[in-house]
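J.: Following this message is one structure expressed as structure tokens.
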There are 2 protein chains.
Amino acid sequence: MKKHNFSAGPSILPQEVLLKASEAVVDYNNSGLSLIEISHRSKDFVDIMENARALVLELLGLEGKGYKALFLQGGASTQFLMVALNLLETRAGYLNSGSWAAKAIKEAKLYDDVYEVGSSKDANYNYIPKGYEIPEDYDYFHCTSNNTIFGTQMKSFPKTNVPMVCDMSSDIFSRTLDFSQFGLIYAGAQKNMGPAGTTLVVVKEDILGKVSRKIPSMMDYQVHIDKGSMYNTPPVFPIYTSMLTLEWLKNKGGIAAIEKENEKKASLMYSEIDLNPLFKGFAVKEDRSFMNATFNLTNDNLKDTFETMLKEAGISGVNGHRSVGGYRASMYNAMPIESVKALVEVMSELESKA
Amino acid sequence: MKKHNFSAGPSILPQEVLLKASEAVVDYNNSGLSLIEISHRSKDFVDIMENARALVLELLGLEGKGYKALFLQGGASTQFLMVALNLLETRAGYLNSGSWAAKAIKEAKLYDDVYEVGSSKDANYNYIPKGYEIPEDYDYFHCTSNNTIFGTQMKSFPKTNVPMVCDMSSDIFSRTLDFSQFGLIYAGAQKNMGPAGTTLVVVKEDILGKVSRKIPSMMDYQVHIDKGSMYNTPPVFPIYTSMLTLEWLKNKGGIAAIEKENEKKASLMYSEIDLNPLFKGFAVKEDRSFMNATFNLTNDNLKDTFETMLKEAGISGVNGHRSVGGYRASMYNAMPIESVKALVEVMSELESKA
């Protein structure tokens, strides 16, 4: 049976990417060797790394604008630390829009003064804080573009002269934005880009080198830039699979093309949530994420029936995060609209049964 | 043509592991989903993680002895930093036996006093320093069991009451040792355990919690222990493939069984180096590594001939590291003795031609 994979991350990847990645594990490019048993300094892998780095800048429209793309390790959680180590000299502002934002704040506080310029914690993060100010003397401003757990997404970003740092783990490559408004973007691969195990960092080089502390080598963006993202052995398989996904996206027409599909999927999903009296959306409407739709049953007695129906339809990964409860439909780039239709159909069938 | 893969790392893995890992990328366990697109919190992946962690302790003979196994990210290079952050309160002793040891020393020096108790830098690291003392008041002693670049290996370890920390990146699981003499062992996966992208840490829990600094969450061993090595999204594919390799090793009879094979391979290799007048070993005999044999041609004019012959025999990955030059034959666990025979045959053929 066809599975509909709504997992929040690690999450769905294009089938053609999975097939190519699988082949490479046995024999890469007819070399007689597996991709994962060759040197990362071999021409084969250096080409993969360079291609992946170039595709990132091309897809984001950042070529020739002073940005470098890095494929690091340790997830967004390590970036919480690296951002502070590399950029925090005296004080920084953070937007507290969800659990991950709160973790980023906690880690940065180890290093210096960190201020929450806005927070939606009071409402269990069901909206994006707005109307906040970013003082001109802050070293940087940090925000989270999409809050996977709560299903909210920033639709606009503040105008500021302070370097803007954005955790785009769960919506990078999903919508057109002026990416040059950001000084640093980071994203764990395991949503729209590839498997777990590598973290994309896109950094405008001129924001670096302004802190006085000594930075450990592995935590230093400049060290990784100078070594072409190969300071140490990189996570070969996650980077190769990410490169394949970036190529797939480019062949589909890039971010502008996928954005249209993502809008259609989200629109279908939210229409059902709003029109079906058995369901209620969690996030406020204006801040709804196009990647993760969070919703609850209005009648908890239907829980078992609904979940059995989901299972019978081959729908997996829709359980909500424990801090929100209910359901979460993650509709990343690789998800076909057919899967959203299958979920919406089950929801509508539940209504006709109830 | 059959390839003989002598790559120093990422390096050869068992063929059956590659096949299983490749299958899982398309369909894991007949679930209809790829291993790399399911949640790391799913039962499927939690089972993989727990199985991998248990296999590590079982193979090392460390079950029930207060040790925890973790699968982290960032390679040995990140461990250079984590070891110091978690264990270095006032001073520590390091054995400078190679380039990686020197990097470990450099990173730890950011935090506090670090002393080189012994060094073989004066001889381009062609031997293992011996006869050094480890003062009783050191927080820990750090050594590198096998020096991949130089082809040296510690045959014995000092007796000390100070916690012993060992970088075993290039010889873990290759030979029997009393692993309980170490307080902390770490190893990048990409030699004897799996693909690049995960780092094994085996730590005796009672050596932790003795430093006064605040440790960032991702750098804190205790945080990872408390979260069952799942504080954040782990590198799913590298861990799964490592688990398969550990299972393969267990089925072969464990470390004692593979050690016998490794001894045979090394003995074959070093015999040829010593008996063939065209070659000269780089490392001193008593410290020769059973994993990486380093050697040079005695007559540089034969370079092109030798390398053409290697290529024709399907032998790859034998170029020496730039800091040593010449050749390096890495003979990790997964390398069949046939590959070593193929290399030795080429060396001996060169002699008969010359």
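The values are calculated or read from the model by the stated rules, or taken from the named source; none is laboratory data. Remember, predicted model here, so these are calculated numbers, not experimental data. Here the Cβ is made from the backbone with ideal geometry for all residues, glycine too, and neighbour counts use every protein chain on show.
J.: Specify the residue that is farthest from A:PRO234 (Cα to Cα); the eligible residues are those in region A:32-55 that are surrounded by fewer than 20 Cβ atoms within 10 Å (Cβ to Cβ), facing another protein chain (nearest Cβ under 10 Å) and out of contact with any Lys or Arg (no Cβ under 8 Å at 6 or more places or on another chain).
T.: A:SER42
Residue-wise test of (1) over 26 Å from A:THR199 (Cα atoms); (2) in contact with a Ser or Thr (Cβ under 6 Å, 6 or more places away or on another chain); (3) acidic (Asp, Glu); (4) free of Cβ contacts under 8 Å to residues at least 40 places away in the same chain.
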position: B:LEU18; (1), (2), (3), (4): no, yes, no, yes
position: B:ALA24; (1), (2), (3), (4): no, no, no, no
position: B:ASP27; (1), (2), (3), (4): no, no, yes, yes
position: B:VAL56; (1), (2), (3), (4): yes, no, no, no
position: B:LEU59; (1), (2), (3), (4): yes, no, no, no
position: B:VAL83; (1), (2), (3), (4): no, no, no, no
position: B:GLY93; (1), (2), (3), (4): yes, no, no, no
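J.: I'd like the full set of residues that are touching a helix residue (DSSP H, G or I) at 6+ places or on another chain (Cβ under 8 Å) and either at the interface with chain A (Cβ under 7 Å from one of its Cβ atoms) or among the acidic types (Asp, Glu) (or both), limited to region B:18-31. Lay out the reasoning, then the answer.
T.: Taking region B:18-31 as the starting set, the residues that turn out to be touching a helix residue (DSSP H, G or I) at 6+ places or on another chain (Cβ under 8 Å) are B:18-26, B:28-29, B:31.
Result: B:LEU18, B:LEU19, B:ALA21, B:SER22, B:GLU23, B:VAL25, B:VAL26.
J.: Which ones in region B:95-115 are surrounded by fewer than 20 Cβ atoms within 10 Å (Cβ to Cβ), more than 21 Å from B:GLY151 (Cβ to Cβ), modelled with pLDDT of 95 or more and more than 10 Å from chain A (Cβ to nearest Cβ)?
T.: The answer is B:TYR115, and nothing else.
J.: Report whether or not B:LEU177 is not in a loop (DSSP other than H, G, I, E, B) and not small (Gly, Ala, Ser).
T.: Details: not in a loop (DSSP other than H, G, I, E, B): no; not small (Gly, Ala, Ser): yes.
Spelling it out, it is not the case that B:LEU177 is not in a loop (DSSP other than H, G, I, E, B) and not small (Gly, Ala, Ser).
J.: How do the helices (runs of 4 or more DSSP H) wholly within region B:199-316 filter down when requiring 1 or more residues that are touching a residue at least 60 places away in the same chain (Cβ under 8 Å) and either within 14 Å of chain A (Cβ to nearest Cβ) or surrounded by 17 or more Cβ atoms within 10 Å (Cβ to Cβ) (or both): which remain?
T.: Working: elements: B:221-226, B:236-252, B:254-275, B:303-312.
Correct list: B:221-226, B:236-252, B:254-275.
J.: Any residue at all in region B:319-327 that's crowded, with 22+ Cβ neighbours inside 10 Å, touching a Phe, Trp or Tyr at 6+ places or on another chain (Cβ under 8 Å) and under 20 Å from B:GLY188 (Cβ atoms)? Before you say what the answer is, go through the steps one by one.
T.: Filtering region B:319-327 down to residues crowded, with 22+ Cβ neighbours inside 10 Å leaves B:327.
With the extra rule that they be touching a Phe, Trp or Tyr at 6+ places or on another chain (Cβ under 8 Å), the set shrinks to B:327.
Keeping just the survivors that are under 20 Å from B:GLY188 (Cβ atoms) gives none.
Taking every residue of region B:319-327 in turn, none turns out to be crowded, with 22+ Cβ neighbours inside 10 Å, touching a Phe, Trp or Tyr at 6+ places or on another chain (Cβ under 8 Å) and under 20 Å from B:GLY188 (Cβ atoms).
J.: For the subset of region A:56-80 comprising residues that are assigned to a helix (DSSP H, G or I) and within 14 Å of chain B (Cβ to nearest Cβ), which member is surrounded by the fewest Cβ atoms within 10 Å (Cβ to Cβ)?
T.: Going through region A:56-80, the residues assigned to a helix (DSSP H, G or I) turn out to be A:56-59, A:75-80.
Those still in the list that are within 14 Å of chain B (Cβ to nearest Cβ) too: A:75-80.
Working: A:GLY75: 25, A:ALA76: 24, A:SER77: 21, A:THR78: 26, A:GLN79: 27, A:PHE80: 26.
Here the answer is A:SER77.
J.: Does region A:151-162 hold any residues that are part of a loop (DSSP other than H, G, I, E, B) and either crowded, with 21+ Cβ neighbours inside 10 Å or not assigned by TED's automatic domain parsing to the domain that holds A:ILE185 (or both), and which are they? Don't jump to the end; show me each part of the working.
T.: Quick first cut of region A:151-162, residues part of a loop (DSSP other than H, G, I, E, B) only: A:151, A:154-162.
Passing the criteria: A:GLY151, A:MET154.
J.: Scan region A:74-117 residue by residue and report those that are under 15 Å from A:ALA187 (Cβ atoms) and either of a type in the set (Asp, Glu) or outside the structural domain of A:GLY209 (by TED's automatic domain parsing) (or both).
T.: Within region A:74-117, none qualify.
J.: I've got another one for you. Would you mention how many residues in region A:107-152 are charged (D, E, K, R) and either without any contact (Cβ under 8 Å) to a residue 12 or more places away in the chain or closer than 19 Å to A:ALA329 by Cα (or both)? So that I can check it myself, show each step before the final result.
T.: Initial filter on region A:107-152 (charged (D, E, K, R)): A:107, A:109, A:112-113, A:116, A:121-122, A:130, A:133, A:136-137, A:139.
Okay, now just the ones that are also either without any contact (Cβ under 8 Å) to a residue 12 or more places away in the chain or closer than 19 Å to A:ALA329 by Cα (or both), so A:109, A:122.
The qualifying residues number 2.
J.: Name the residues in region A:127-150 that are part of a loop (DSSP other than H, G, I, E, B) and hydroxyl-bearing (Ser, Thr, Tyr), would you? Give the derivation first.
T.: Just the residues of region A:127-150 that are part of a loop (DSSP other than H, G, I, E, B), to begin with: A:127-140, A:145, A:148-150.
Residues satisfying the conditions are A:TYR127, A:TYR132, A:TYR138, A:TYR140, A:SER145, A:THR148.
J.: Can you pull out the residues in region B:51-66 that are out of contact with any Asp or Glu (no Cβ under 7 Å at 6 or more places or on another chain) and not small (Gly, Ala, Ser)?
T.: In the first step, residues of region B:51-66 are kept if they are out of contact with any Asp or Glu (no Cβ under 7 Å at 6 or more places or on another chain); the result is B:51-54, B:56, B:58-65.
B:ASN51, B:ARG53, B:VAL56, B:GLU58, B:LEU59, B:LEU60, B:LEU62, B:GLU63, B:LYS65, listed by residue number.
J.: Would you mind stating whether A:GLN15 is farther than 30 Å from A:ASP206 by Cβ and within 10 Å of chain B (Cβ to nearest Cβ)?
T.: Details: farther than 30 Å from A:ASP206 by Cβ: yes; within 10 Å of chain B (Cβ to nearest Cβ): yes.
Answer is yes for this residue.
J.: How many residues does region A:106-144 hold that are within 14 Å of A:THR90 (Cα to Cα) and aliphatic (A, V, I, L, M)? Break it down into steps so the answer makes sense when it comes.
T.: Restricting attention to region A:106-144, the residues satisfying the condition of being within 14 Å of A:THR90 (Cα to Cα) are A:108-115, A:135-141.
Narrowing further to those that are aliphatic (A, V, I, L, M): A:108, A:110, A:114.
Total satisfying the criteria: 3.
J.: Hey, another quick one. Return yes or no: is B:ALA92 more than 14 Å from chain A (Cβ to nearest Cβ), in contact with a Leu (Cβ under 8 Å, 6 or more places away or on another chain) and among the aliphatic types (A, V, I, L, M)? Steps first, answer last, please.
T.: Details: more than 14 Å from chain A (Cβ to nearest Cβ): yes; in contact with a Leu (Cβ under 8 Å, 6 or more places away or on another chain): no; among the aliphatic types (A, V, I, L, M): yes.
Here the answer is no, as B:ALA92 does not meet what is asked.
J.: Filter region A:1-31 down to the residues that are within 19 Å of A:LYS191 (Cβ to Cβ) and of a type in the set (Gly, Ala, Ser) and list them by number.
T.: Going residue by residue through region A:1-31, those that are within 19 Å of A:LYS191 (Cβ to Cβ) are A:3-18, A:21.
Scanning region A:1-31 gives A:SER7, A:ALA8, A:GLY9, A:SER11, A:ALA21.
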